[in-house]
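The structure appears right after this line, and notes come after that.
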Amino acid sequence: MTPKEQAKDLVNTFYYSLPNNGSTEGINSTTRRYQEAIKCALITIDRILREENNLIQTIRQFDYWHEVIQEIKKI
């Protein structure tokens, strides 16, 4: 999976797990939930990089997750 695909997959996984009311306004709006999904995806990657750092064997894997972070920030 490319970093861009991984970014979209992570954000969508969280987005569809969060409640929303289908509107574009209010606390349960789709827009607000999408922003929360982005935050959750970034937290997930941060945990992978911090807690699993000893398991990351190659620089390529480390770079991959940083590319995913950049793709999420573009969303």
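Things worth noting here:
- Computed on the chain, with alpha-carbon pairs under 8 angstrom and 6+ residues apart, the relative contact order is 39 percent.
- Rolling a 1.4 Å probe over the protein heavy atoms gives the chain an accessible area of 72 Å² per residue.
- Bins of 5 Å from zero: percent of alpha-carbon pairs in the chain: 3, 17, 24, 21, 16, 9, 6, 3, 2
- Where only DSSP H runs of four or more residues are counted, the chain gives -23000 deg cm²/dmol as its mean residue ellipticity at 222 nm, each run worth -39500 (n - 2.57).
- Result for the chain in a Gaussian network model with C-alpha springs under 10 Å: among Arg47, Arg32, Arg60, the largest mean-square fluctuation is at Arg60.
- Highest-MSF residue in the chain out of Ile38, Ile48, Ile27 [GNM, Cα springs under 10 Å]: Ile27
- Heavy-atom accessible surface of the chain: percent carbon and sulfur, 1.4 Å: 51 percent
- In nm, spacing of pseudo-spin labels at Ile43 and Thr13 (7 Å Cα→C-beta vector): 1.5 nm
The values are calculated or read from the model by the stated rules, or taken from the named source; none is laboratory data. Note that the coordinates shown come from a computational prediction; the quantities given were computed from them, not determined experimentally. Cβ atoms come from the backbone with ideal geometry, glycine included; neighbour counts cover every protein chain shown. Ligands, DNA and RNA are excluded from the accessible area calculation, which covers all protein heavy atoms including side chains. Shrake-Rupley method; radii C 1.70, N 1.55, O 1.52, S 1.80 Å.
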